[in-house]
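Chemist: Take this structure first; my questions come after.
The values are calculated or read from the model by the stated rules, or taken from the named source; none is laboratory data. Just so we're clear, the structure is a prediction, and the values are computed from it rather than from any experiment. Every residue, glycine as well, gets a Cβ built from its backbone with ideal geometry; the counts of neighbours run over all protein chains shown.
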Amino acid sequence: MMLDLHRPPNEEELRRLGSGAIDPGTAARITHHSMQRLPRGSPVPWAQTIALASASLCAGLLVSFLALRSDPPSREVTPLAPALASSSPTTATAGMVIAAGEESRDATILRHLVQVAPHASVRVERAAAGQVELSVLKGSSRFAVEHLREHEGFRVRVGTVLIEVVGTRFDVATDGICSVVGVSEGRVRVTSGGVREAVSQGERKTFCPPESVRHGLSAHPGDEPGTELVREALVLISAGKELEEAATLLERYRSEHREGVFAEDALFHLCILELRRANAARARELAAEFRRRFPNTTRNETLDKLLKHVGSTP
Amino acid sequence: MIERGLLEACRAGSDSGWRRFFDAHGSQIYKWALFLGLSSFQAEEAAQDVLAIAARRIHSCPNEEAISSWLYQITRRVVANARRNAWWRRLWKRVDSIEDQAALAHHAPGDLDLELAVRSCLRLLSARHAEILVLMDVEGRSREETAQLLRLPPGTVASRLRVAREAFRTQWLGSATDASSPIGQP
């Protein structure tokens with residue numbers, strides 16, 4: 001449908017937007033995650049709650065005392081996967097890269113849930129014997145970590161930052177250099193530049209490596225070849241500076257890693273970059289190549305939409 | 001459609017009750033969040049936050065008829081917080097610009113351009129104008145329903161709607177003529 005920008009939408013068009021159903025996968029995810037966050041135990045008036053809490057504390061102390069004297073009891077854990085109907089999470093194992101396309105993607109690792117945002121990717125470094133270790137390669141991701149038993153661990157590496165889970169629900173995002181950690185429930189421990197600090201519920205902190213480290217550590221061990229070029233280019237683009245340098249880096253990636261894992265991203269961002277640099281002809285050329293090489297991605301629609309504003313699409 | 005007994009089931013802590021509650025209201029909350037200015041990823045997170053708050057405070061919901069209005073009040077606050085946080089994060093640059101770019105490419109087919117353009121335009125209006133347009137013009141609610149949801153007198157709703165429509169029209173036409181900032185781009 002061609003959009004007429006010179007005419008505000010009429011009543012019928014607006015209603016059509018309002019009456020459309022949302023993506024079933026999104027609806028299922030909302031229900032699923034909300035069920036996970038359901039407070040356990042029936043809410044009762046405060047006085048009773050306090051009384052119950054005191055009783056629970058005593059009982060807890062007694063149980064802890066008994067537990068210390070014997071083997072830790074095995075805890076019944078509800079698996080996260082079955083609740084999702086239309087977008088059931090995949091089960092990820094060590095070595096896998098969970099890469100989201102145009103839509104976010106869910107995956108279970110052991111019994112924990114990872115939600116990878118559109119165009120983000122996460123690599124599973126380790127998933128065995130209760131130990132999970134992940135690397136966020138790009139974009140943002142959210143983690144719902146089930147209760148960890150004594151011998152278990154859940155760690156996330158993002159750039160030069162290591163996040164160790166102490167409690168439960170958090171999200172991370174990276175632009176390739178700096179990392180943002182936000183905790184919605186519980187607490188995580190973050191190690192950055194050798195310094196360890198806790199991020200508590202409701203907090204969101206940004207961790208950037210020192211300037212001297214940024215240049216030397218732009219490539220992480222185990223990264224796909226050329227990752228650092230794309231990463232650095234995206235950082236420059238997101239800062240809105242040195243676009244020429246960013247274009248050079250993306251072109252370099254394209255010439256050195258034509259079939260690389262970030263070939264699509266490099267071409268897509270390069271096309272947008274050329275538009276921002278007002279090189280419409282070059283942008284059209286790149287968009288045509290993008291369509292030829294990656295015909296099935298909805299990024300083509302995004303490029304069409306952007307190109308529409310500078311003239312006819314290729 | 002209001003399901004009788006749902007509130008009681010939720011208050012009693014029934015898992016199946018909560019699942020029905022989330023299924024019944026999750027999509028609506030997501031759409032509110034989307035049209036009130038959040039990206040699809042943020043809207044999904046906001047919907048979960050709203051439902052988590054609802055689950056904690058279900059005892060403060062007076063009755064089944066009031067669920068929508070009660071949830072809408074929570075959604076308003078959660079969306080306002082999310083937009084404020086996003087503003088701070090944008091101020092610090094980094095990360096969000098990448099997320100926004102991803103969100104731009106993440107949407108349902110069909111009235112894609114129109115939806116993005118309407119959402120962009122609503123985002124530029126004041127919250128009280130945007131919400132009245134979303135409830136009445138996008139969702140097609142009556143003046144009385146909207147008044148109940150917003151806890152405003154129906155007369156105020158009518159006058160605010162008139163101003164909001166005018167603001168939307170001005171914003172839309174202004175964006176259309178501003179070649180440097182095309183509608184639909186973040």
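Chemist: Test A:S54 against the stated conditions and say whether it is among the hydroxyl-bearing types (S, T, Y), outside the structural domain of A:L148 (by TED's automatic domain parsing), at pLDDT below 65 and out of contact with any His (no Cβ under 8 Å at 6 or more places or on another chain).
Modeler: Considered against the rule, which asks whether it is among the hydroxyl-bearing types (S, T, Y), outside the structural domain of A:L148 (by TED's automatic domain parsing), at pLDDT below 65 and out of contact with any His (no Cβ under 8 Å at 6 or more places or on another chain), A:S54 comes out as yes.
Chemist: Further question on the same structure: Just one of B:R169, B:R119 is at pLDDT 85 or above, surrounded by fewer than 18 Cβ atoms within 10 Å (Cβ to Cβ) and within 12 Å of chain A (Cβ to nearest Cβ); which is it?
Modeler: Within the list B:R169, B:R119, the selection yields B:R169.
Chemist: Say whether the condition of being surrounded by fewer than 22 Cβ atoms within 10 Å (Cβ to Cβ), over 18 Å from A:G182 (Cα atoms), in contact with a strand residue (DSSP E or B) (Cβ under 9 Å, 6 or more places away or on another chain) and of a type in the set (K, R) is met by at least one residue in the stretch A:125-140.
Modeler: yes
Chemist: Could you say whether any residue in the stretch B:57-68 is modelled with pLDDT of 80 or more and under 16 Å from the mean Cα position of the chain (by Cα)?
Modeler: yes
Chemist: Return the residue satisfying two criteria in turn: it lies in the stretch A:152-172 and is modelled with pLDDT under 75 and assigned to a strand (DSSP E or B), and of such residues it is nearest to A:E232 (Cα to Cα).
Modeler: If we take residues in the stretch A:152-172 being modelled with pLDDT under 75 and assigned to a strand (DSSP E or B), then A:V161 is nearest to A:E232 (Cα to Cα).
Let's see how each residue does on (1) hydrophobic (A, V, I, L, M, F, W, C); (2) within 14 Å of chain B (Cβ to nearest Cβ); (3) within 25 Å of A:M35 (Cβ to Cβ):
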site: A:L110; (1), (2), (3): yes, no, yes
site: A:H119; (1), (2), (3): no, yes, no
site: A:A127; (1), (2), (3): yes, no, yes
site: A:V132; (1), (2), (3): yes, no, yes
site: A:V145; (1), (2), (3): yes, no, yes
site: A:H151; (1), (2), (3): no, no, no
site: A:G159; (1), (2), (3): no, yes, no
site: A:E164; (1), (2), (3): no, no, no
site: A:V172; (1), (2), (3): yes, yes, yes
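Chemist: Being closer than 19 Å to A:R15 by Cα, touching an Asp or Glu at 6+ places or on another chain (Cβ under 7 Å) and assigned to a loop (DSSP other than H, G, I, E, B) is the filter here, so list the residues in the stretch B:1-42 that pass it.
Modeler: B:L36
Chemist: Could you please give the count of residues in the stretch A:258-283 that are in contact with an Asp or Glu (Cβ under 8 Å, 6 or more places away or on another chain), under 12 Å from A:P225 (Cα atoms) and surrounded by fewer than 21 Cβ atoms within 10 Å (Cβ to Cβ)?
Modeler: 2
Chemist: Failed condition for A:V310, given (1) in contact with a Cys (Cβ under 6 Å, 6 or more places away or on another chain); (2) at pLDDT below 80, with all others met?
Modeler: Condition (1) is where A:V310 drops out.
Chemist: Filter the stretch B:1-46 down to the residues that are of a type in the set (S, T, Y) and either facing chain A (nearest Cβ under 8 Å) or touching a residue at least 40 places away in the same chain (Cβ under 8 Å) (or both) and list them by number.
Modeler: Correct list: B:S27, B:Y30, B:S39, B:S40.
Chemist: To continue, here is another question. Among residues belonging to the stretch B:136-146 that are in a helix (DSSP H, G or I) and free of Cβ contacts under 8 Å to residues at least 60 places away in the same chain, point out the one that is nearest to A:N10 (Cα to Cα).
Modeler: Result: B:D137.
Chemist: Still on this structure: In the stretch A:134-143, how many are over 24 Å from A:M35 (Cα atoms) and polar (S, T, N, Q)?
Modeler: The total comes to 1.
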